[in-house]
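To start, the structure under review is shown below, and the notes come after it.
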Amino acid sequence: PNAFTPNGDGINEGFRAIGMQIEQLRMRIFNRWGHLIYELNSPEEVWTGITRNGTPVPEGVYVYRLEARLAGGSSLNRSGTVTLVR
């Protein structure tokens, strides 16, 4: 999905990389001005719409950049957008 709603209802609360073959992950989340606001460093981590210091970010569109190493040694690089709806 490219949108999530961290509103406490237990449904679609966060954004993360999903894949059975991911062994290592680095996913960075940027705001519209290109400032890094959060970084995930494992496939189990979830971004719940906060900054690195724990402050909630405003509703809007954010850019992600994902770098992953998959089982078997291949790598995966992706980028895109995710919409946060409060």
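Just how large is the dipole of the chain about the Cα centre, in debye to the nearest 20, putting +1 at every Lys and Arg Cβ and -1 at every Asp and Glu Cβ?
So the dipole magnitude of the chain works out to roughly 300 debye.
With every protein chain kept in place and ligands, DNA and RNA left out, what is the accessible area per residue of the chain? Probe 1.4 Å, answer in Å².
On a per-residue basis, the chain sits at 63 Å².
Taking loop as defined by DSSP and a crowding limit of 11 other beta carbons within 10 Å, which trypsin sites (Lys or Arg not before Pro) in the range 8-68 fit?
Within the range 8-68, the qualifying trypsin sites (Lys or Arg not before Pro) (loop, at most 11 other Cβ atoms within 10 Å) are Arg32, Arg52.
At a 1.4 Å probe radius, carbon and sulfur cover how many percent of the accessible area of the chain?
50 percent
Quick one: net charge around Asn12, please, counting Lys, Arg +1 and Asp, Glu -1 for every other residue with C-beta under 15 Å from its C-beta.
On the way: positive: Arg16, Arg86; negative: Asp9, Glu13, Glu59.
The answer is -1.
With each pseudo-label sitting 7 Å past Cα toward Cβ, what's the Asn53-Asn77 distance in nm, one decimal?
Inter-label distance under the simple model: 3.1 nm.
Semi-axes of the equivalent ellipsoid for the chain, please: Cα gyration tensor eigenvalues, times 5, square-rooted, ordered largest first, whole Å.
22, 14, 11
How about the range 1-82: which chymotrypsin sites (Phe, Trp or Tyr not before Pro) there lie in a loop by DSSP and see at most 10 other Cβ atoms within 10 Å?
On the way: sites: Phe4, Phe15, Phe30, Trp33, Tyr38, Trp47, Tyr62, Tyr64; in loops: Trp33.
Taking the range 1-82 and a limit of 10 other Cβ atoms within 10 Å, the loop chymotrypsin sites (Phe, Trp or Tyr not before Pro) found are Trp33.
What is the sum of charges around Gly60, taking Lys and Arg as +1, Asp and Glu as -1, for the other residues whose C-beta is under 12 Å from the C-beta of Gly60?
+1
Have a look at Leu76, Trp33, Gly49 and report the one farthest towards the positive end of the charge dipole of the chain, computed about the Cα centre with Cβ charges (Lys/Arg +1, Asp/Glu -1).
Value: Trp33.
Using a basic spin-label model with each label point 7 Å from the Cα along Cα→Cβ, how many nm lie between Asn2 and Asn41?
3.0 nm
The values are calculated or read from the model by the stated rules, or taken from the named source; none is laboratory data. In this text the structure is predicted, and so the values were computed from the model without any measurement. Neighbour counts run over all protein chains shown; Cβ positions are idealised from the backbone, glycine included. The accessibility values were calculated without ligands, DNA or RNA, using every heavy atom of the protein model including side chains. Shrake-Rupley method; radii C 1.70, N 1.55, O 1.52, S 1.80 Å.
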